[in-house]
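Have a look at the structure below, then the notes.
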Amino acid sequence: MSHLLELHGVTKTFGAVAALAGADMVLDAGSIHALVGENGAGKSTLVKIIGGLHGRDSGEFLLDGESVDFRSTADAKHHGIAVIYQEPTLFPDLTVAENIFVGRQPYTRFGFVNRAEMRRATRELTARLGVAIDPDRDARGLSIADQQIIEIAKAISLNAKVVIMDEPTAALSGVEVDQLMGIARQLRDEGKGIIFISHRFDEVFALCDTVTVMRDGQHIETNALADVTTDMIIRQMVGRSVDNLFPKQEAQIGNVVLSVEHLTRAGVFEDVSFQVRAGEIVCLAGLVGAGRSEIARAVFGVDKYESGSVMIDGAVVPRHKPSAAMGLGMGFVPEDRRKQGLAMTAGVQTNITLAIRNQVAKLGFISSKLEHGPAEIWARRLQVKTRALDTHAVMLSGGNQQKVVLAKWLATSPKLLIIDEPTRGIDVGTKSEVHRLISELAGNGVAVLMISSELPEVIGMADRVLVVREGRLTGNISRSDVTAEAVMYAATHGAEHEVAK
Amino acid sequence: MTIETTYLRHDRPLWRRLLLRPEAILIAAILLIVVLSILGIPNYLRPNPGYTISTLLLNAAPILILLLPLTLIIATGEIDISVGSTLGLSSASFGLMFASGIPLPLAAILSVLIGGMVGAFNGFLVTVVGLPSLAVTIGTLALVRGIAVGMLGTTSVTSFPSDLTSFVRSTVPGTPVPWLIVVFAALAIVFGVLLHFTAFGRGVFAIGLSTETATFSGVNVGRTKFVLFVLSGLTAALVGVMFTLQYSNAIGSNGSGFELRAITAIVLGGVSIWGGTGTLLGAVVGGLFIATVNKSLQILGIGDDAIYVITGSALIISVVVGSIASVISTRRRATTSTA
């Protein structure tokens, strides 16, 4: 019997760079197949070849045992291949139903778009996936999880045989991940072949039956997941063993740096009070949408709040004024490095010095000469991999982009650094580098407020975990007591660990 | 035990960074047009008095000055198309005040301040109310022009002191450089330094590249844009006063269509209409390019209509070329970064 999808010895070069140098992948119907590898290992290129975005230079590509050669993404879709991206690309101003049927709306016999039919079909699709999304609401403002579900619904309505999920869970909370995994299992049971790309091994082990590891554009190994362990996969991915993913060093805990009191913004968060001390790493944990980022953004002054106060070293931080917060020693590494952390089409140097543009000036004037020194120092300290300092940020890998954002904020010598999702979408090697850096920062007496959706990261890094549920602090768990269960319980129920102070 | 990493300062060699810039290409184009004109147009080097290098510069000066603050606004990703109307309002109020006996210097200062108020109004609607600048300044374009024309009706004020008006038209003694170009040069240095050599300018580009990143980096986005709109209004009104004296004619219709010429020059000069990239030098060279083309066409006796067609086409071509270039480079980036 032939396999659903087979790729053998696929190569692809872009200019002088070999993105794929012999990639293999064999996907069976009714299987969930994990594709793992560090960033730059060639997973995305492989997916783009399967999805019809790129052609291959050489190698075999068989679908249902027959050689295929997609000319476009539409061609691939037509052959039953659907790709769900980490950040879905829905039209924000169209309704859910319109998004699912965009370009192929059903018509009435008078030639008008048949909205009733679209709505009915959409309800049927979402019901099949076990979720309730109003077909008539605009896509704007939908959670990323719901947007992905809409993409999946679209794939089902197109009779996709192969569903590729490219890091679908990176931006999802625990409950949403469970929901997505349920949907993936259902698709598997319906006989579809699923390729699941993720950096989170707990999900890979919970969901997949087979795993293919890639490194440097090449196929390394394919195994049944029952036969391998996380350590084995990581070793295959990095070509060396990573002993400790979360190296948290002991740090001297000093005086209170950040003090937040009764911070309230109606409908978003309420009566939030906490402190972060020098040398301490405090994690805000909770489900996506619980208000973690919103609290951090208000503390830094990007968002407004209605009442309460924020103090750094006893000095009140003015509301809604990031420049003032920066002046008092706050830094903020935001969640979305591409939109909020970096100017993507500006150079590494410009990005690193953006937050210290007032300090690199002489008599009020700055030039690229004055910026060069600090930019070079911080790029070097963070081991940013780039050929030149005027290389645009968009050219760097995700991990290196994140290092540039960190460099930008470390250059400000912050007393308090807020880091929202420090390792989202970056590879294992860089991840542990970032963790080591954050730990070093705390060791040097910086107060760190970290937000993370990855529980192992929270548990590994935090001196204290503050759990947020529906805008309120429902847990304050110290390092010695923290377990995944305790955090999840406070995040979903919030009764057991009421905040002491 | 960190490994000493070394970085190149620049990814590409100097000659490529210099020669492949829109500024360099435009300067080459200007030289080419001059050479072709010298070869192909009989009287190009010895034209009528109306077509000397001095008149070329004098005619170009108003647009060149107008485009200075406008370049900074475009670099933030916003736009101000009310500058021509603000010029007209300034001209009309200057004339009206002068005709009603207000001393000329005071009338000039008040007119410039009126322009600042128009800019502040634009800035308020864009930054505080949060409306798109294109819509806001289309509104003020019409509103302000209406007021300007309404002020003087069909009449115009022409009784300005002739020694002053001829001074405004004169050149620096011993050179073909008009005094207005000296004013332009001084302002160009101010705006150039502001954009390229201050923290404020870094903020301007950051806003154009990503408003959110700028906000997270402590750039006061609203204040920056507000200041730029006010500067744009003040500058347009200053040009209004000088333009009035230059032609000894205060009328509400002065400066009609100047906003389009200034925007054309800026975009031709390689400043992205989406914000974030470009140089003030590029915008200025863009202005000079249009002036050079116009001069050649005028000497050839080609009318204004054809000149509009040509500058309009030049604008579209430069936007298209710019978009294609950015699509190509993004593709190249996308393919190398997903490797």
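Quick notes on this structure:
- Value of relative contact order over chain B, rounded to a whole percent, pairs C-alpha under 8 Å and six or more apart: 31 percent
- Rg ratio (alpha-carbon, reference 2.2 N^0.38 Å) - segment A:341-413: 0.99
- Listed residue (B:F94, B:V227, B:G139) projecting farthest to the positive dipole end of the protein assembly as shown, Cβ model: B:F94
- Computed over the alpha carbons of segment A:340-482, Rg followed by Dmax gives 16.6, 52 Å.
- Applying a length cut-off of 27 Å (Cα extent along the axis) and a mean Kyte-Doolittle floor of -1.0 to the DSSP H helices of chain B leaves B:53-75, B:104-123, B:133-152, B:221-246, B:280-299, B:304-337.
- Look at the dipole of chain A built from charges on Cβ: of A:G331, A:M237, A:G59, the Cα furthest out on the positive end belongs to A:G331.
- Range of Cα positions in segment A:112-155 per principal axis (Å), largest first: 31, 22, 17
- Ranking of A:S480, B:S272, A:S2 by neighbouring Cβ atoms within 10 Å, starting from the fewest: A:S480, A:S2, B:S272.
- Neighbour counts of other Cβ atoms within 10 Å put B:L14, B:L56, A:L125, B:L72 in the fewest-to-most order B:L14, B:L56, A:L125, B:L72.
- Per residue, the average separation of C-alpha pairs within less than 8 Å and at least 6 apart gives chain A a relative contact order of 15 percent.
- Cα-Cα P(r), segment B:241-302, percent of pairs per 5 Å interval: 4, 16, 18, 17, 20, 15, 7, 2
- Size of electric dipole in chain A: Cβ of Lys, Arg +1 and of Asp, Glu -1, about Cα centre, debye, nearest 20: 1580 debye
- Tilt relative to chain A, helix A:368-381 - C-alpha long axis, 0 to 90 degrees, to 10: 80 degrees
- If you model segment A:98-218 as an ellipsoid using its alpha carbon gyration tensor, with each semi-axis the square root of five times an eigenvalue, the axes come out at 30, 16, 13 Å, biggest first.
- Just so you know, the averaged projected area of the alpha carbon convex hull for segment A:153-205 sits at 3.6 nm².
- In chain A, the longest principal axis of the Cα atoms and the axis of helix A:428-443 are about 10 degrees apart.
- Listed residue pairs exceeding 26 Å between alpha carbons, taken from A:K321/A:K431; A:K385/B:K225; A:K339/A:K362; A:K339/A:K408; A:K192/A:K339; A:K48/A:K192: A:K321/A:K431; A:K385/B:K225; A:K339/A:K362; A:K192/A:K339
- Taking segment B:105-220 and dividing mean pair separation by its residue count, relative contact order in percent (alpha carbons under 8 Å, at least six apart): 8 percent
- Coarse-grained scattering of segment A:156-243 at q = 0.14, 0.16, 0.18 Å⁻¹, given as base-10 log I(q)/I(0) from a Debye sum over alpha-carbon atoms: -0.54, -0.70, -0.87
- On Cα atoms only, tilt of A:115-128 relative to the major axis of chain A in degrees: 80 degrees
- Leading residue at positive end of dipole, the protein assembly as shown (Cβ point charges), from A:L207, A:L125, B:T198: B:T198
- Stokes-Einstein D in µm²/s, Kirkwood radius over Cα pairs - segment B:1-114 at 4 °C with 1.567 mPa s viscosity: 67 µm²/s
- Inverse of mean 1/r across different Cα pairs in chain A, Kirkwood, Å: 24.4 Å
- Within segment B:69-295: Cβ-based charge dipole about Cα centre, in debye rounded to nearest 20 (Lys, Arg +1; Asp, Glu -1): 120 debye
- Using bins of 10 Å that start at zero, the share of Cα-Cα pairs per bin across the protein assembly as shown amounts to 2, 11, 18, 20, 19, 14, 9, 5, 1, 0, in whole %.
- Size descriptors for segment B:34-87 (Cα atoms only): Rg and Dmax, in that order, 16.3, 45 Å.
- Computed over segment A:402-453, Kirkwood Rh from alpha-carbon pairs, angstrom: 11.2 Å
- Considering all different alpha carbon pairs of chain B, the Kirkwood hydrodynamic radius works out to 21.3 Å.
- Ranking of A:H262, A:H219 by neighbouring Cβ atoms within 10 Å, starting from the fewest: A:H262, A:H219.
- Lys, Arg +1 and Asp, Glu -1 on Cβ, resulting dipole of segment A:341-413 about Cα centre, debye, nearest 20: 120 debye
- Where the Cα pairs of segment B:150-247 fall when distances are cut into 10 Å bins, in %: 13, 31, 24, 19, 12, 1
All of the numbers you see were taken from the coordinates with simple rules; none came from a lab. The model shown is predicted, which means the values in this text are computed figures rather than measured ones. Note that each Cβ is placed from the backbone with ideal geometry, even for glycine, and that neighbours are counted across all protein chains shown.
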